[in-house]
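Structure first, then comments.
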Amino acid sequence: RKEVEQDPGPFNVPEGATVAFNCTYSNSASQSFFWYRQDCRKEPKLLMSVYSSGNEDGRFTAQLNRASQYISLLIRDSKLSDSATYLCAVNTRSSGANNLFFGTGTRLTVIP
Amino acid sequence: DGGITQSPKYLFRKEGQNVTLSCEQNLNHDAMYWYRQDPGQGLRLIYYSQIVNDFQKGDIAEGYSVSREKKESFPLTVTSAQKNPTAFYLCASSVDRGYGYTFGSGTRLTVV
């Protein structure tokens, strides 16, 4: 079983739509959670950390559900510039290392 | 500005040749990582280092080697033993456990 799993998509949504991605993780001891954005042929960039209480940054909302072992990312009022691949990352501490496991990413295309 | 610099951006390797990918950071981060990204497979951990003069194998270390002689530098050598080296290689660093990674802009390696 993979450490982190995501629906690869693609998600094709019209401008202005609300879209949500989920990401499940297998290790119940995981402690840190992140969403990254990766544009085509570029490096991943940290979009937001995911806190236990949930957190919001403008049009983006991230939530953590420890009981069901998943994190989610909600994008409201989608813009053309939101088109990218969204990667979730989960820290599974092993031997003190801060090793992140990444999902394969969910591809989003926002259509005019 | 602080950041991670990877070079070269593009690299072509002949069969049987060793090549070294450079990764330098001026973020004063202790931990550094090398990932490989193939289409549809997400990020896979090759090696990581938590402190100078120490490094650990990741999930796919075979055919690769690293060194960590300075805090700022974590070069990756792709040896001739790596049978399928064509991929996008990403270097990352982090300040501590619980923090996300900062990535370099990556090196695209192609075997010719």
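Only a single criterion out of (1) part of a strand (DSSP E or B); (2) more than 11 Å from the chain's Cα centre (by Cα); (3) within 14 Å of chain B (Cβ to nearest Cβ) is not satisfied by A:Thr85, namely (2). Suppose we filter the range A:31-52 for residues that are facing chain B (nearest Cβ under 8 Å), touching a residue at least 40 places away in the same chain (Cβ under 8 Å) and assigned to a loop (DSSP other than H, G, I, E, B); how many remain? Here the count works out to 1.
So that you can scan it fast, the table gives a plain yes or no per residue for (1) more than 30 Å from A:Asp7 (Cα to Cα); (2) out of contact with any strand residue (DSSP E or B) (no Cβ under 6 Å at 6 or more places or on another chain):
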{"position": "B:Tyr35", "(1), (2)": "no, no"}
{"position": "B:Gln41", "(1), (2)": "no, yes"}
{"position": "B:Glu62", "(1), (2)": "no, yes"}
{"position": "B:Arg68", "(1), (2)": "yes, no"}
{"position": "B:Val78", "(1), (2)": "yes, no"}
{"position": "B:Asn84", "(1), (2)": "no, yes"}
{"position": "B:Leu90", "(1), (2)": "no, no"}
{"position": "B:Ser94", "(1), (2)": "no, no"}
{"position": "B:Phe103", "(1), (2)": "no, no"}
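Filtering the range B:43-59 to residues that are among the aliphatic types (A, V, I, L, M) and open to solvent by less than 40 Å² (accessible area, probe 1.4 Å) leaves B:Leu43, B:Leu45, B:Ile46. Tell me, yes or no, whether the range A:53-76 has at least one residue that is in contact with a Ser or Thr (Cβ under 9 Å, 6 or more places away or on another chain), exposed (fewer than 14 other Cβ atoms within 10 Å of the Cβ) and not in a loop (DSSP other than H, G, I, E, B). For the range A:53-76, residues in contact with a Ser or Thr (Cβ under 9 Å, 6 or more places away or on another chain), exposed (fewer than 14 other Cβ atoms within 10 Å of the Cβ) and not in a loop (DSSP other than H, G, I, E, B): present. If the condition is being within 14 Å of the chain's Cα centre (by Cα) and within 16 Å of A:Pro112 (Cα to Cα), then the range A:11-30 contributes A:Phe11, A:Val19.
Would you confirm whether any residue within the range B:35-42 is more than 17 Å from B:Gly104 (Cα to Cα), away from chain A (no Cβ under 14 Å) and either of a type in the set (Lys, Arg) or not in a strand (DSSP E or B) (or both)? No - not one qualifying residue is present in the range B:35-42. Looking across the range B:61-112, the residues that are assigned to a strand (DSSP E or B), free of Cβ contacts under 8 Å to residues at least 60 places away in the same chain and more than 18 Å from B:Tyr10 (Cβ to Cβ) come down to B:Tyr64, B:Ser65, B:Val66, B:Lys70, B:Ser73. Of all residues in the range A:24-52, those satisfying the criterion of being within 20 Å of B:Asp96 (Cβ to Cβ) and open to solvent by 70 Å² or more (accessible area, probe 1.4 Å) are A:Gln31, A:Lys45, A:Leu46, A:Tyr51, A:Ser52. Of the set (1) touching a strand residue (DSSP E or B) at 6+ places or on another chain (Cβ under 6 Å); (2) surrounded by fewer than 18 Cβ atoms within 10 Å (Cβ to Cβ), all apply to B:His29 but (2).
Listed residues A:Thr104, A:Thr109, A:Thr18; which is open to solvent by 40 Å² or more (accessible area, probe 1.4 Å), touching a residue at least 60 places away in the same chain (Cβ under 8 Å) and at the interface with chain B (Cβ under 10 Å from one of its Cβ atoms)?
A:Thr104
In the range B:61-104, the residue that is modelled with the highest pLDDT out of those that are within 14 Å of chain A (Cβ to nearest Cβ) and surrounded by fewer than 15 Cβ atoms within 10 Å (Cβ to Cβ) is B:Asp96. Checked against (1) touching a Leu at 6+ places or on another chain (Cβ under 9 Å); (2) under 18 Å from A:Gly105 (Cβ atoms); (3) open to solvent by 10 Å² or more (accessible area, probe 1.4 Å), B:Gly40 passes all but condition (1).
The values are calculated or read from the model by the stated rules, or taken from the named source; none is laboratory data. All values derive from a computational prediction rather than experimental measurement. Cβ: placed from backbone, ideal geometry, glycine included. Neighbour counts: every protein chain shown. Heavy atoms of the whole protein, side chains included, go into the accessibility calculation; ligands, DNA and RNA do not. Shrake-Rupley method; radii C 1.70, N 1.55, O 1.52, S 1.80 Å.
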